[in-house]
Each structure stands twice: as C-alpha cells, then as structure tokens.
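Shown next, in structure tokens, is the structure this report addresses.
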Amino acid sequence: MKKDLLNIYDLEDADFEKIWSKAKKLKKDLKNGKPHNSLQGKTLGMIFDKSSTRTRISFEVGMYQLGGIALFLTSRDTQIGRGETISDSAQMMSRYLNGIMIRTFSQKSVEDFARYASIPVINGLTDILHPCQILSDLFTIKEKKGSYDGLKIAYIGDGNNIANTWIEAAAKLPIQLSLACPEGYDPDRKIMIKGKKEAKEGITLYRDPLDAAKDADVLYTDVWVSMGQESENEERKKIFKNYQINKRLLKEAKKNAIVMHCLPAHRGEEITSDVIDGPQSVVIDQAENRLHVQKAILEILL
Ligand code: CP
Ligand code: NVA
C-alpha cells in the first residue's frame, strides 16, 4: 500500500530511525562522491501554490542525485489553477508520476490529494504543518547533540505551521517542548490537545519567552508573518516585538545551546543578526540537511 507524509503522525516509530540512518549514509556518500541510483526512472511532481527556495531546490536536486527527475508545477501554469478538481488531478497525475510533493495553503487540500492519488503524497508545507522541515531539524539536532532524547527545545514566536509540527514531533519522540507565543497566536488548538495528551516528555505553552527559553538545549524561531498573512504585517510586528531571539534570550538557554530557524529569516524581527550569524547558530547546516533527509524520505516512500 502507498504511504503518504502529510503530518508527523503518518510515520511509525521505526520510520524515524530508518530516515536518520538513510539520511546519514546519503549525506556521507554524497560528500565522498559515491553515486546513488535508487530512484532511477522515477518522477516526482512538485506542486507549488506558495513561494519556495529550499524546498524546491532540495527536492529537485534530491531526485536528480538519486537518478530520478522532478517536475516543477505551479497551479498558475497548470489546469489546477483553472479549476480542474483535486480528484481528477490526483488520479490522472498518479498515472504519470511516482510521487507528488505539494506546498499549498490548506491542509485539507493535501489530504484530499492524497486520498485520490494512488501514489505517495508529501506535504511540502501548508498553513498548518511543515513535516519535512521538522524531520530535517530533528536530524540536525541529532548531528549536533548526538541525540535529541530528553533535550529541551524552546520555540519562540508565532503558533504557526512550524510550531504545530514541533508539537506533533513532541507527541511521537522523547523531546521536551516549550513554546512562547503571544495571546491570540497560539498553535492550532486540536493539534495542541492531541499533542499534550500524547507527549513523551511534555509540551508547555508560555507567554513569556524568557520562561520558555530557560535552560533550553535548542532555541528555535520562525517568521512573524507567514506566507499568506502579508496583510497582517504591521499589526504582527507590534504584537510579536518581544518574541525575538536575541543575546538576552540566548543567556537564558544552556551555555551550549544551538540556535535554529527554518529560514527565510527576517533579521531584526524574530531574530537578531548577531545571534543568527553567531557561533551558536546552525541555520545553514539545518537548511543543507533538508536535502539529505528528504532524499531518505523519497527513497522510503517512492
Ligand atoms: N524552510 C523552507 O521551507 O524554506 P522555503 O520556503 O524556501 O522552501
Ligand atoms: N511559517 C513560514 C515557514 C516558511 C518555511 C511560512 O509558512 O511562511
């Protein structure tokens, strides 16, 4: 039966270890110039309804490095943008392709696509979730810290797709998650209720970033204004102004804490330049690992 990756719950416990070990090997082999052709003759369709730099490049290059190809499809330039239904698109594309990656607005669209498609569907970001990002980030934490078991991850900022996906990760894996979000900008209510019930090491939501950051092993943030929220820009900048990773906040975390950001970043807003460009920041390694982890995901699903 085909397997999708629409959220973190789609993965079974054993899948996590499988992804980490494959990604580690693929990364090492790439550095040593050892080629792979596990996806020779396979094609991934990539539907983008929102902008992307990392997701597009890492999936496209990842498919190429594994011997397959990727097609960049935007709804503007396909019949999806002219009203062709998800059901027709998904069934028909399943006859041409071996997998589909979608970045769009509604999580339901991705779920509907997966329901009608007979090939694996990968969520490349929705308004609600970004599973490929958090899986890559967990791999980066393992690389930097040896293991994520028992570590405290502090997420500071908007209760958005990245925050929601961290909550799902904390429900499946032994990480302590603390979040600091301003009132009215909490993570998705349903995701939080389920996450808290199933959390391995606890999930705590604070209002004060200093409380969330205390003794953290990882300080994580994301933009205050996500794609699709551009009209709220000015209002959000005021509301979020204290939810910034800066030197003062970094002092609250453990001395050897690492700083993470999924990127793109807005220096001077959710994070200061001295911190994101400083010695504790791992954001570029984090972006690189999207490639290795997604190649592992593609090998497993396709
Ligand atoms: N982090 C991330 O998904 O980046 P892009 O929006 O550039 O794909
Ligand atoms: N929360 C951001 C993440 C970008 C990778 C957004 O949805 O725009």
Net lengthening on full extension, residue 82/residue 190 (0.36 nm per residue, minus Cα-Cα):
35.6 nm
In whole percent, the fraction of accessible protein surface over the range 58-164 that belongs to carbon or sulfur atoms, probe radius 1.4 Å, stands at 50
Looking at the chain, which longest stretch skips every one of the trypsin sites (Lys or Arg not before Pro) that is in a DSSP loop with at most 10 other Cβ atoms within 10 Å, leaving the sites themselves out?
77-254
Take the alpha-carbon centre of the range 111-173, take the same for the range 13-58, and report the distance between them in whole Å.
16
Projected onto the charge dipole of the range 15-149 (unit charges on the beta-carbon of Lys, Arg, Asp and Glu, signs +1, +1, -1, -1), the Cα from 100, 73, 26 with the largest positive-side position is that of 26
Probe 1.4 Å, heavy atoms of protein chains only: per residue, the accessible area of the chain in Å² is 45
With runs of 4+ DSSP H residues as the only contributors, calculate the mean residue ellipticity of the chain at 222 nm using -39,500 (n - 2.57) per run, divided by the residue total and rounded to the nearest 500.
-13000 deg cm²/dmol
Using the eigenvalues of the Cα gyration tensor, what equivalent ellipsoid semi-axes result for the range 42-184 when each is taken as the square root of five times the eigenvalue, whole Å, largest first?
30, 18, 13
Which whole-Hz ³J(HN,Hα) couplings does the range 277-293 yield from phi under the Karplus relation 6.51 cos²θ - 1.76 cosθ + 1.60, θ = phi - 60°, glycine and proline marked x?
9, x, x, 8, 7, 10, 4, 6, 4, 4, 5, 4, 5, 3, 4, 5, 5
Stokes-Einstein D for the range 166-206, Kirkwood Rh over Cα pairs, 4 °C, 1.567 mPa s (µm²/s):
129
Can you list the residues, at least 5 places off or on another chain, whose amide H is less than 5 Å from the amide H of residue 125, using H built in the peptide plane?
104
For the range 185-302, just run the numbers: alpha carbon Rg, then divide by 2.2 N^0.38 Å, N being how many residues it has.
1.18
I'd like the orientation of helix 86-96 relative to the chain: the angle between its Cα long axis and the longest Cα principal axis, in ° from 0 to 90, rounded to 10.
60
How large is the dipole of the chain about the Cα centre if only Lys and Arg carry +1 and Asp and Glu carry -1, each at its Cβ, rounded to the nearest 20 debye?
780
For residue 281, other-chain or 5+-apart residues with amide H closer than 5 Å (H placed, Pro excluded) are 259
Rounded tilt (10° steps) of 161-172 against the dominant C-alpha axis of the chain:
90
Taking placed amide H atoms and a strict 5 Å upper bound, the residues 5 or more places from residue 206 or on another chain that come that close are 179, 180, 181
Write out the GluC sites (Glu not before Pro) in the range 14-122 meeting two conditions: DSSP loop, and at most 16 other Cβ atoms within 10 Å of their Cβ.
84
The helix 54-65 Cα axis meets the longest alpha-carbon principal axis of the chain at an angle in degrees, between 0 and 90 and rounded to 10, of 40
Share of the range 1-42's accessible area from carbon and sulfur, percent, 1.4 Å?
52
Relative contact order of the range 118-168, please, whole-number percent, based on alpha carbon pairs below 8 angstrom and at least 6 residues apart.
45
Given the pairs 22/247; 152/247; 18/42; 31/196; 2/172, which are separated by over 29 angstrom at their Cα positions?
22/247; 31/196
Could you give each residue of the range 241-257 its phi-based ³J(HN,Hα) in whole Hz, using Karplus coefficients 6.51, -1.76, 1.60 with θ = phi - 60°, and x for Gly or Pro?
4, 8, 9, 10, 7, 9, 4, 4, 5, 4, 4, 6, 6, 4, 4, 9, 5
In the range 56-107, which chymotrypsin sites (Phe, Trp or Tyr not before Pro) are in a loop and have at most 15 other Cβ atoms within 10 Å, using DSSP for the loop call?
105
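The values are calculated or read from the model by the stated rules, or taken from the named source; none is laboratory data. Given the structure is predicted, the values throughout are model-derived calculations rather than measurements. In this analysis, Cβ positions are derived from the backbone assuming ideal geometry, glycine residues included, and neighbour counts consider all displayed protein chains. Areas reflect the complete protein model, heavy atoms only, side chains present, ligands, DNA and RNA absent. Shrake-Rupley method; radii C 1.70, N 1.55, O 1.52, S 1.80 Å.
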